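Undergrad: Below are the C-alpha cells for one structure; questions will follow.
Read-outs: derived from the displayed coordinates by stated rules, not from any lab. Everything numeric in this text was worked out from a predicted model, so none of it was measured. Cβ atoms come from the backbone with ideal geometry, glycine included; neighbour counts cover every protein chain shown.
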Amino acid sequence: MNAALTARCVFLGGPGAGKGTQAKRVAEAAGMAHISTGDMLRAQVARQTPLGTKAKAFMDAGKLVPDDLIIEMVKARIAEPDAKAAWILDGFPRTLPQAKALDQNLSKAASLSHVIYFAVPENVLFGRLTGRRTCSKCGAIWHIENNPTKVSDVCDRCGAGLVQRSDDRPEAIGKRLEEYRTLTAPLLAYYRAHNLLREIDANRPPDVVFQELLKLMQ
Ligand code: AP5
C-alpha cells in the first residue's frame, strides 16, 4: 500500500456508488487525506455559513452546487498541509469545468495518479440511498439492510444517533441521478482520453471492493 501514500486520486461514480464508504477506509489504511465535497458542504450548511446557506437549496433539491463555489472550496482544501502528499477526492470533480479547474490547479509534478470509476447499476443505487443512515457525530456510513448497526439508529463506532440525509428522499434521489447522467458521466470520457480512468465493479460486498481498490491504486 506504500505506493498509494503519494497518490492523488479521484473517486467517481453515481450517488450511492460507495465512494464515501471506500474513501474513508482507504484513506485511513493508507494515510491519505479524504476530501469529500459533500461532507464539506454539509458542514458549511450545519454552521449556517454564507456558502452553506447558498448551497443548501441546491443540495436539498438534488442539484449540483454551482461550479464557482465548489472550485474555490476545493482549491483551498488541497492547499492545506495534510493534503500535501496524498489525497482522495470524493465527489469532486463532477462537471467538466470542475475537472479542467482541477487540472489547472495541479502542477505536473503533483498531477492526478488515478481516477477510479465505481460502476453500480442505477436500480441498486436507489436502494442504497434510501436505506443509508449516517452517524450524526463521527460520520460513519451505515445501511439499514446492507450494513446495519447492532442497535437500531445508534452508531456502533461512537454510540451517537444516526440521521438520514435530507437529499436521500426519493424525489431528491431522482434529481441527483439525473444530474449525474447529464453533468458527471461525461467525465468518464474525459479521463479515459487522459489515460487515467480505472473501473471497479462496485456492485459487490464492501470488503471485496476495498481489496480490489488497494490493488488498483498501487
Ligand atoms: P455527495 O455527498 O458527494 O453525494 P453523492 O455523490 O451523491 O454521493 P453519496 O455520498 O450519496 O454516495 P457515495 O457514493 O459516497 O455512497 P456511500 O459510500 O455513502 O454530494 C451531496 C450533494 O452535495 C450533491 O447532490 C450536490 O448538491 C453537492 N455537491 C457535492 N459535491 C459537489 C460538486 N463537486 N459539485 C457540485 N455540487 C456538489 O454509500 C451509500 C450507501 O450504500 C450506504 O448506506 C453504504 O452503507 C451502502 N454501501 C456502500 N458500499 C456498498 C456495497 N459495496 N454494497 C452494499 N452497500 C454499500
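Undergrad: Could I have the simple spin-label model distance between Lys75 and Ile141, label points 7 Å from Cα toward Cβ, reported in nm to one decimal?
TA: Going by the 7 Å Cα→Cβ label model, 2.8 nm.
Undergrad: Work the Kirkwood hydrodynamic radius out for the range 108-218: mean of 1/r over every pair of different alpha-carbon atoms, inverted, in Å.
TA: Evaluated on the range 108-218, it is 16.2 Å.
Undergrad: Using Cα centres only, tell me the gap between the range 84-121 and the range 141-173 in whole Å.
TA: 28 Å
Undergrad: Rg to Rh for the range 65-130: what is it, with Cα atoms only and Rh by Kirkwood?
TA: Ratio value, two decimals: 1.03.
Undergrad: Using only the alpha carbons, work out the radius of gyration and Dmax of the range 60-175 in angstrom.
TA: 17.1, 49
Undergrad: Scale the Cα Rg of the chain by the rule-of-thumb value 2.2 N^0.38 Å and send over the ratio, two decimals.
TA: After normalising by residue count via 2.2 N^0.38 Å, the value is 0.97.
Undergrad: Sticking with this one: As a check on your grasp of the helix formula, calculate [θ] at 222 nm for the chain: sum -39500 (n - 2.57) over DSSP H runs of n ≥ 4, divide by the residue count, round to the nearest 500.
TA: -12500 deg cm²/dmol
Undergrad: Report the full-extension gain for the segment Gln48 to Asn123: residue separation times 0.36 nm, less the Cα-Cα distance, to one decimal in nm.
TA: 23.6 nm
Undergrad: Which FRET efficiency value, to the nearest 0.05, is calculated for Gln164 and Asn203 with the Förster distance at 30 angstrom and r the Cβ-Cβ distance?
TA: Using R0 = 30 Å, I get an efficiency of 0.85.
Undergrad: Further question: Calculate the spin-label point distance for His194 paired with Phe58, positioning each point 7 Å from the Cα along the beta-carbon direction, and give it in nanometres.
TA: For Phe58 paired with His194, the spin-label model returns 2.0 nm.
Undergrad: Return the aspartates and glutamates within reach of Lys54: Cα separation strictly under 18 angstrom, same-chain partners fewer than 8 residues apart disregarded; answer none if there are no such residues.
TA: By straight Cα distance, Lys54 reaches Asp39, Asp67, Asp68, Glu72, Asp167.
Undergrad: In the calculated pair distance distribution of the range 1-92, what percentage of Cα-Cα distances lie above 16 Å?
TA: That tail contains 56 percent of the Cα-Cα pairs.
Undergrad: Can I ask one more? Can you figure out the FRET efficiency of Val154 with Asp68, using R₀ = 30 Å and their beta-carbon distance, to the nearest 0.05?
TA: E(calc), rounded to 0.05, equals 0.15.
Undergrad: Continuing with this model, one more query. Treating the beta-carbon of each Lys and Arg as +1 and of each Asp and Glu as -1, no other charges, what is the dipole magnitude of the chain about its Cα centre, to the nearest 20 debye?
TA: Here the chain has a charge dipole of around 220 debye.
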